[in-house]
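Peer 1: A single structure is presented below for examination.
Only the coordinates and a few stated rules stand behind these numbers; no lab work does. Computed from a prediction, not measured in an experiment: that's the story for all the values here. Using ideal geometry, Cβ is built from the backbone for each residue, glycine included, and neighbour counts are taken over all protein chains shown.
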Amino acid sequence: MPLFFQCYNMKRNTPQQVSSLQHNLSNVRNICILAHVDHGKTTLADALVASNGIISQRMAGKMRYMDSREDEQIRGITMKSSAISLLYNKDDKDYLINLIDSPGHVDFSSEVSTAVRLCDGALLIVDVVEGVCPQTHAVLRQAWLENIKPVLVLNKIDRLITELKFSSTEAYVHLQQILVQVNLLTNELYTSEAMGKTSAVADECSESKSGEAQSYDWTTLEDEEEDKNIFFSPDRGNVIFASALDSWGFTISHFAEMYSKKLGFSKNVLTKTIWGDYYVNMKTKSIQKGAQFKGKKPLFVQLVLDNIWSVYDAIFIKRDKDMIEKIQKTLSLKIAPRDACHNDARVQLQAHTSQWLPISKAVLSIVCDILPSPLQINEERTEKLMCKQAQRFDSLPKETQALKSDFLACKSGDDSPVIVFVSKMFPVDKKILPQNRQRPLTKEELQARREKAVQRHAERMSKLKVDEESINGTPIQDVNDTGQEEEQNDDNQVFIAFARIFSGTIKRGQTLYVLGPKHNPATASHYIDPALCLKDLSSHQHITSFTVNNLYLFMGRELELMEEIPAGNILGIGGLEDHILKSATISSTIYCPAFTSMYFDALPIVRVAIEPKQASNMKAVTDGLKLLNQADPCVIVSVQETGEHVIITAGEVHLQRCIDDLQERYAKVEVTVSKPIVPFRETVTLPPKVDMVNEAIIDQNQPTKSNRLKQFEDDDEVKEEGIVEIFTPDKTCLIRIHCVPLPKAITELLVEHSDLLKALHKTSKTDDTENILNSTAVQNLIDFKSKIANVFNQEHKSWKDACNQIWSFGPKKTGPNILLNRIPDYNRPSVWSCLDTATNSQTFRDLDSCIINGFQMATFAGPMCEEPMHGVCFIIEKWEYLNSTSNGQIDDKCESSSAIPRKRDVYGPLSGQVMSIVKDGCRKSFETQPQRLVAAMYKCEIQATADVLGKLYEVLGKRNGRVLSEEMKEGTQLFIVEATLPVVESFGFADIMRKRTSGLASPQLKFSHWEIIDVDPYWVPTTEEEYLHFGEKADSQNCALTYMNNVRKRKGLKVEEKIVEHGEKQRTLTRNK
Amino acid sequence: MALKQPTGQKRLTNIAVIRLKKGGKRFEIACYPNKVTSWRNKVETDIDEVLQSHTVFTNVSKGEVAKTADLKKVFDTDNHSEICLKILAKGELQVSEKERQANAESMFRDIATVVSDKCVNPDTNRPYPVTMIEKAMKDLHFSVKPNKNTKQQALEVIKQFKENETIKIQRAQMRLRATIPAKEGKKLREKIKKIATQIEEDAFEEDLEMVVLIDPGVYREIDDLVKHDTKGKGKIEILNLKEIEEGDEKLE
């Protein structure tokens, strides 16, 4: 073991070495590894890490060094992107390679986005057995959108031999097919972009009539593409064949070099011909075309695959000792005896192949040769980074435009501005930070410690002898000590910014600006208070400043402290917790624009509610959620109006990770996860014209009346449908309430302009218009009023003049329900009164506010399931005092006679009575009408390929979704389906959708509107046909009823459900005698 | 009396017995357990799911059928089915296990809902979700009393929460505007200040006009104060029944 450690330290690249390399930009490469889940990203990273001696060659592929989280190791998937700096020596030049390993699971595509943003090149891995998978598509698109150059790695070729038992020729054909698939994807991306460009250009031309003569057309674009070499092809050298597990890999040029000596062909010819339909004609000693046609073995099979196949055959399958020796000799491999004698054939094989065709060399040399250095950043990418999608580069301020040259130059001199992009914040235990890490002890220290330990041991032994009881004492004390230490450390969670520096040099002690994602150089003010941090900023400020304290270099699981880091590198910055929420730009000039927000493939859609298991831990959870929000770029945390804490994540796996993080890192308390509460609304409708089997209801009012009014038959308060007359309990006051559905247009208007209503409510509270509302708001309100008046006038004539009779809106005085005043002798000013400048002579009656409050309470919780009402109008038609002479002056009487105060005590103050009868009256009149539930609806946009459309509709149908439109996206095979889906049904929707369509359909949900569920929850069959169709009990599920009962159950209200369905089928408690 | 022989018996198992004393006689019917409340709530409509047999007994467990003469005397009919319905509607029964459980559960929920509706977290001024309240109530070992109404019990829960500090909780405040003539203003001002939790506006011009936040529990007190002490000249207007944060908020 000590031997191992020595070599570990020796080969390990020191920070000094790295920092010297960082300055030589042409030898720096920033790359990331992208692929579908389980295609071998982390294994490949392991092999590369092993080449630097950070982990042993033996462990490569098993250790998964980049997966530092415990759950990553257990689940075997990567969940976050992590970076490491590697050294590589090629042609006597030292290269510094900053490698980022990214996760492949759909749920973590936000991590891919952050990784891609920081890199210049990418290794795209494809599993040759599984082929091109959905995530391959997604990551390739991300790389494409960020303009970074990919290299293809065809991985797991060993599985073709060992599992699928392909012959070498079959394998060749298979590999060809996969290459075609990948290139097809590239082509698709290219064409869709090209089409987008042309249409955008067309738009631009049509918009700006000055008409710059832009002659973008297909041919020019295609020509450009030719130059770009976007396609993968082995002879271009951007394809690597590999098996990361057995740690071998090669490119065509590798074999070309080898065989050019042996066969006497020039290397160039071989490079061009090894991949393709060529064969060697042994007679003429020449390479000829048409291998397939003539039934010959293609060169690739003959020269490359056959060799690999024979190695596998000898070592892995036949285990032929002589053959192995022969191979060792011809390839001049030196195998350590312990590998050669190893029982496991795989270990033997790896020992051979990793020496013969080391994967790290193949990959890293390609990376150095083909992928661009930070210096080669092109103009297009710069512009893309600097300006938001809709914005044009020329529209940026001059100073900002000037920065472009700095981007392109990527100079690290002191005079060039510092520009750093932070793509994510990630948490690190303080213990891991280099400044807190334990340093190896010197000999003297070790000696001293040893002595101390010996002393302590002796003491303990002596104590033991003296008093046996003290045994119990000492260990317990020890345990306590360590426990306390841990607790202290637990709180030390530090956030480090994952960043890339694009220009200038970042140094310790430098003071830089942190520019938030919404920062706009054109409008920003120039004065920045150094003391500010994120929390203090108002909504239009996006700049803070901070002093650079800690700079880190990523070394996989560890961090190295650096003094300064020049342009073009990937780095970590500490101490930014208070300045950056998720991502930001750091610069020495405020003219630097905020970098465009990243393209996220998976938007967060899985909503759950989070609660502490112990109610008293509420605060810890809230704080933990805040930290989580900062640490994860793809999570949304919010507090609902109901007080629930809701987190929205990209998928179930992502959710699980967030919960684990929350429990173990951020909140450190147990939490429970539950379905979030889904709000409903209640409303009334006009009586239906047809029954449930589409038979016209003949005598219009009869059936509905009998249904709904049956339970009110012996209730003399109900006058007729929708009209209720109700007395206060002390019989002094009579109120007549009429309930009707609001016209749909009005409801929509009210929902749309709820902010205006809020403003209106505020003004009416203070009675002083000018102080609160500015003139535009008043104008808006007046417009709004006239709009409503217009709509009312267009409706049935019963709504005539309704606008001026509006007494109040509800609930909360701003909702989509209206209280109308149609009391003949009460000429009350309407809600709009505060808008009229002319003072009004009309006055309020006493207890006016009680009626409003009663109405507010009724609309806030309807009778169906105590949810707010929606689109209901209550009309007060009568309001009379029976035994008072003068209307409204009821309170005077209580002094005049002693009888009334006693009465008052029985029923409480009259104001309270009025409030409650208005509430009850509203509810009752509501109940006499046909009631409906109103559900919140999501608008659901789904991208899917044609072959999973059927499955997609199936999932939608099961969840009561309704398809609105289906379109094919231009230039791709993707369909875009638009649908609406009730919010109640959305729990687990995304997950099911992904599972059923094997990840090929990705839904996006957005709240869109409220929609009446057109099913009467209280419906029972009444007509003959309905009995025939539904049976006597109406067994078929009534979805409105289910929704309603669920809400009622949740709230502990009475549910009309049988406790036991079949009395006879209960467990027999007493034995039959 | 009929001879009791094993062959002549039809044993009933799982019986819920409903008794009715009428005309000095005791009548019983045999029902299925957990079904009677459903019948009384009109949820169950099939009588055969409720009754085990359409026979009126004087003692179900002994299998003694009521005498026709007695039935005639008391119910004016000897139709057993009809009498069964009457007994079912009016008789007394022991509430069976599941019914009791369902009842207690829904009451527990109801109490939690009321608490969540009336209270806020003083830190955020937002309500607690019902599930949180339920958990806290369980931590409190609160037991539901089936014969007390839910609102009373909810108030009790709130009190206990405050005493035990299980969770930070506070009644959602009510916002009032009190208008009091100048004469009584001075006197009342101090009194109101004592009752109110917070005073938002306090303008003494011609009349005293105050906007205050109060605990809903003291509404009646303040109402009495204003109306009586001013001899009906003072006015109280409720501006907001529940002062809580509105709308969703992103945590950042």
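Peer 1: Kindly state, to the nearest 0.05, the FRET efficiency for A:Leu561 paired with A:Gln181, given R0 = 51 Å and r defined as their beta-carbon distance.
Peer 2: Here the calculated transfer efficiency is 0.65.
Peer 1: Also: Search the structure for amide H atoms under 5 Å from the amide H of A:Phe502, placed 1.01 Å from N in the peptide plane, and list their residues when 5 or more places away or on another chain.
Peer 2: Under 5 Å from the amide H of A:Phe502: A:Ile419, A:Val420, A:Phe421, A:Gly568.
Peer 1: Quick one: order A:Leu760, A:Leu750, B:Leu12 by neighbouring beta-carbon count within 10 Å, fewest to most.
Peer 2: Lowest count first: B:Leu12, A:Leu750, A:Leu760.
Peer 1: Using 0.36 nm per residue, how much length does the chain from B:Ser81 to B:Gln198 gain when fully extended, once their Cα-Cα distance is taken away?
Peer 2: Answer, rounded to one decimal: 35.6 nm.
Peer 1: Between B:Lys138 and A:Tyr1027, with labels modelled 7 Å along Cα→Cβ, what's the label distance in nm to one decimal, could you check?
Peer 2: In this crude label model, B:Lys138 to A:Tyr1027 measures out at 4.7 nm.
Peer 1: Now a separate question. May I ask you to derive the relative contact order of chain B, considering only C-alpha pairs under 8 Å and at least 6 residues apart, and to give it as an integer percent?
Peer 2: Dividing the mean separation by the residue count of chain B yields 14 percent.
Peer 1: Taking 7 Å along the Cα-to-C-beta vector as the label spot, tell me the A:Ser998-A:Asn790 distance in nanometres, rounded to one decimal.
Peer 2: Those two pseudo-labels are separated by 5.5 nm.
Peer 1: What ³J(HN,Hα) values, in whole Hz, does the Karplus curve 6.51 cos²θ - 1.76 cosθ + 1.60 give for the range B:83-96 when θ = phi - 60°, with x put for Gly and Pro?
Peer 2: 5, 3, 4, 5, 5, 4, 6, 10, x, 9, 9, 8, 5, 7
Peer 1: Next up: Only Cα pairs under 8 Å and at least 6 apart count here; give the relative contact order of the range A:220-378 as a rounded whole percent.
Peer 2: Answer for the range A:220-378 is 24 percent.
Peer 1: What list of ³J(HN,Hα) values in whole Hz, one per residue of the range A:494-504 in order, does the Karplus curve 6.51 cos²θ - 1.76 cosθ + 1.60 (θ = phi - 60°) give from phi, with Gly and Pro shown as x?
Peer 2: Karplus values, whole Hz, x for Gly and Pro: 10, 9, 10, 7, 8, 9, 10, 9, 9, 7, x.
Peer 1: Here is a further query. What average number of partner chain Cβ atoms lie no more than 10 Å from the Cβ of the residues making up B:42-49?
Peer 2: That average works out to 3.
Peer 1: Further question on the same structure: Which whole-number percent gives the relative contact order of the range B:107-235, counting Cα pairs below 8 Å spaced six or more residues apart?
Peer 2: 22 percent
Peer 1: OK, next. For the range B:105-116, what does the Karplus curve 6.51 cos²θ - 1.76 cosθ + 1.60, with θ = phi - 60°, yield as ³J(HN,Hα) per residue in whole Hz, taken in order and with x for Gly and Pro?
Peer 2: 4, 5, 5, 4, 4, 4, 4, 4, 4, 5, 4, 4
Peer 1: Are there any GluC sites (Glu not before Pro) in the range B:129-168 that are in a DSSP loop and have at most 10 other Cβ atoms within 10 Å? List them by number.
Peer 2: B:Glu165
Peer 1: Which cross-chain or sequence-distant (5 or more) residues have an amide H under 5 Å from the amide H of A:Tyr591, H modelled 1.01 Å from N in plane?
Peer 2: Distant-sequence amide H within range of A:Tyr591: zero hits.
Peer 1: Okay, moving on. Taking each residue of B:121-133 in turn, how many C-beta atoms of other protein chains fall within 10 Å of its C-beta, and what is the average?
Peer 2: Going residue by residue through B:121-133 and averaging, the value is 5.
Peer 1: A further question follows. List the residues, sorted by chain then number, that are 5 or more residues from B:Leu239 or on another chain and whose placed amide H is less than 5 Å from its amide H.
Peer 2: Residues meeting the criterion, in which the H sits 1.01 Å from N, are B:Arg175, B:Leu176, B:Arg177.
Peer 1: R0 = 56 Å: FRET efficiency of A:Lys326 with A:Gln1037, Cβ-based, nearest 0.05?
Peer 2: The computed FRET efficiency comes out at 0.15.
Peer 1: For the pair A:Ser775 and A:Lys507, how long in nm is the line joining their label points, each one 7 Å along Cα→Cβ?
Peer 2: Simple spin-label model gives 5.6 nm for this pair.
Peer 1: Another question about this same structure. Using a 7 Å offset from Cα along Cα-Cβ at A:Ile74, what residues in the range A:630-663 end up with backbone N under 16 Å from the label point?
Peer 2: A:653-663
Peer 1: Rank B:Ala69, B:Leu93, B:Phe108 by how far each Cα sits towards the positive end of the charge dipole of the range B:53-112 (+1 on Lys, Arg Cβ; -1 on Asp, Glu Cβ) and give me just the farthest.
Peer 2: Of B:Ala69, B:Leu93, B:Phe108, it is B:Ala69.
Peer 1: Return the average number of partner chain Cβ atoms within 10 angstrom of each residue Cβ along peptide A:639-648.
Peer 2: Average per residue, whole number: 6.
Peer 1: If R₀ is 22 angstrom, what is the calculated FRET efficiency for the pair A:Lys262 and A:Ser286, using the beta carbon separation as r and rounding to 0.05?
Peer 2: Calculated value: 0.90.
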